[in-house]
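Asker: One structure coming up, written as structure tokens, with questions to follow.
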Amino acid sequence: MSEERRKFKRESAEARREALIRAALELVAEHGVRGATVRAIAERADVTQGLIRHYFRSKEDLITAAYEHHMTHMTDLTEGPASQLRGTARDRLVAFVEASLTAPVVDPQSTALWASFLNKVQNDPAMKAIHARTYADFRNRLEALIAAALDEAGQATEAGRLRHLAIACNAVIDGLWLEGGALPDAFEPDELPKIGLTSVGAIVGLNLTHSS
């Protein structure tokens, strides 16, 4: 048995499960959901097909887990800079928008995953439930940042309007993110975040493009 295989066997159950999810995501991005077969996933993760069945009841179970992992990871990557920032509420909103429109969040593989998963999201109840939950989580985090920035600026806003502002800002971010991942060479390095900050700022009524 190789040293690599022995190392893998010493990993925790959670680490093994995550390795299978990563392998599934790589294959979905490269070949679509249908191309991510149990055999291909096992080969990519360097494990037996039996080990996959130990952690997941079926391929569908693994694909669903991979989708949730990916969506949650993307949201965490986006919020990371804002959550670690010691600054104003406006600064945290700026950091969130910038992170959502730069690497590693804007990434061709992530866009390929989104496109590959889209059909299953529309037709699979479990996938649709994950999409609804992760979308709401992202939008709620964005809404909280918008609320804090507006409150800081003396522009407290009622809950219904905050929700609408978050939906609109999320739509702008999603559109720019999709184009950035699909056409990575079509934009200057800082073009998308600048457009995002200008657009989100216009929607919420704050200047996000210059220091306060």
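Asker: How about the stretch 68-170: which trypsin sites (Lys or Arg not before Pro) there are in a DSSP loop, with at most 13 other Cβ atoms within 10 Å of their Cβ?
Answerer: Hits after loop and neighbour filter: ARG86.
Asker: Through the Karplus equation 6.51 cos²θ - 1.76 cosθ + 1.60, θ set to phi - 60°, convert the phi angles of the stretch 51-67 into ³J(HN,Hα) values in whole Hz; use x for Gly and Pro.
Answerer: 5, 4, 5, 5, 9, 9, 5, 7, 4, 4, 5, 5, 5, 5, 5, 5, 5
Asker: For the stretch 113-212, what is the charge dipole size about the Cα centre, in debye to the nearest 20, if Lys and Arg each add +1 at the Cβ and Asp and Glu each add -1 at the Cβ? Numbers along the way, then the final one.
Answerer: Values: 8 positive and 12 negative charges, 92 e Å.
That gives a dipole near 440 debye.
Asker: Counting only protein chains, not ligands or nucleic acids, how are TYR135, TYR55, TYR67 ordered by accessible area (probe 1.4 Å), most first? Can you show the working numbers first?
Answerer: On the way: TYR135 75, TYR55 50, TYR67 10 Å².
So the residues, ranked largest to smallest area, are TYR135, TYR55, TYR67.
Asker: Further question: May I ask for log10 I(q)/I(0) of the stretch 66-178 at q = 0.16 Å⁻¹, from a Debye sum over the Cα atoms as equal point scatterers with solvent left out?
Answerer: Values returned for q = 0.16 Å⁻¹ are -0.76.
Asker: For the chain, report the accessible area per residue in Å² (1.4 Å probe, heavy atoms, rounded to an integer).
Answerer: Ligands and nucleic acids excluded, the figure is 54 Å² per residue.
Asker: Leaving ligands, DNA and RNA out of it, report the carbon-plus-sulfur percent of the accessible area of the stretch 149-212 at a 1.4 Å probe.
Answerer: Whole-percent figure for carbon plus sulfur exposure: 55.
Asker: Here is a further query. Do the sum for the chain: with -39,500 (n - 2.57) for every DSSP H run of n ≥ 4, divided by all residues, what is the mean residue ellipticity at 222 nm, to the nearest 500 deg cm²/dmol? If you can, show how the numbers build up before the last one.
Answerer: Values: 10 runs with 165 residues, N = 212.
Value at 222 nm, helices only: -26000 deg cm²/dmol.
Asker: Report the full-extension gain for the segment ALA202 to VAL38: residue separation times 0.36 nm, less the Cα-Cα distance, to one decimal in nm.
Answerer: 54.3 nm
Asker: Which one, GLN155, PRO193, GLN122, is farthest towards the positive end of the dipole of the chain when Lys and Arg carry +1 and Asp and Glu -1 on their Cβ?
Answerer: The Cα lying farthest towards the positive end belongs to GLN122.
Asker: From the phi of every residue in the stretch 74-80, what ³J(HN,Hα) in whole Hz does the Karplus formula 6.51 cos²θ - 1.76 cosθ + 1.60 yield, where θ is phi - 60° and glycine or proline is x?
Answerer: 4, 5, 5, 4, 5, 7, x
Asker: Right, next: Place a +1 charge on the Cβ of each Lys and Arg in the stretch 163-206 and a -1 charge on the Cβ of each Asp and Glu, then give the dipole magnitude about the Cα centre in debye, rounded to the nearest 20.
Answerer: The calculated dipole for the stretch 163-206 is roughly 320 debye.
Asker: Nothing charged except the Cβ atoms of Lys and Arg (+1) and of Asp and Glu (-1): what's the magnitude of the dipole of the chain about its Cα centre? Round to the nearest 20 debye.
Answerer: Here the size comes out at about 920 debye.
Asker: Mean separation of Cα pairs under 8 Å and 6+ residues apart, divided by the residue count of the stretch 68-126: what relative contact order is that in percent?
Answerer: Result for the stretch 68-126 is 27 percent.
Asker: Also, quick follow-up: What whole-number distance in Å separates the alpha-carbon centres of the stretch 47-88 and the stretch 93-144?
Answerer: Each part's Cα centre sits 12 Å from the other's.
Asker: Give me the Kirkwood hydrodynamic radius of the chain in Å, from all C-alpha pairs, to one decimal place?
Answerer: 18.8
Asker: Would you work out what percent of the accessible area of the stretch 63-106, with all protein chains in place, is carbon or sulfur (probe 1.4 Å)?
Answerer: Carbon and sulfur: 52 percent of the exposed surface of the stretch 63-106.
Asker: Provide the per-residue ³J(HN,Hα) series for the stretch 96-113, in order, calculated from phi with Karplus coefficients 6.51, -1.76, 1.60 and θ = phi - 60°, each as a whole number of Hz, with x at glycine and proline positions.
Answerer: Couplings: 5, 5, 4, 5, 5, 10, 9, 5, x, 5, 7, 7, x, 5, 5, 5, 4, 5 Hz.
The values are calculated or read from the model by the stated rules, or taken from the named source; none is laboratory data. Being a predicted model, the structure only gives us computed values, none of them experimental. In this analysis, Cβ positions are derived from the backbone assuming ideal geometry, glycine residues included, and neighbour counts consider all displayed protein chains. Note: areas computed on protein heavy atoms with side chains; ligands, DNA, RNA excluded. Shrake-Rupley method; radii C 1.70, N 1.55, O 1.52, S 1.80 Å.
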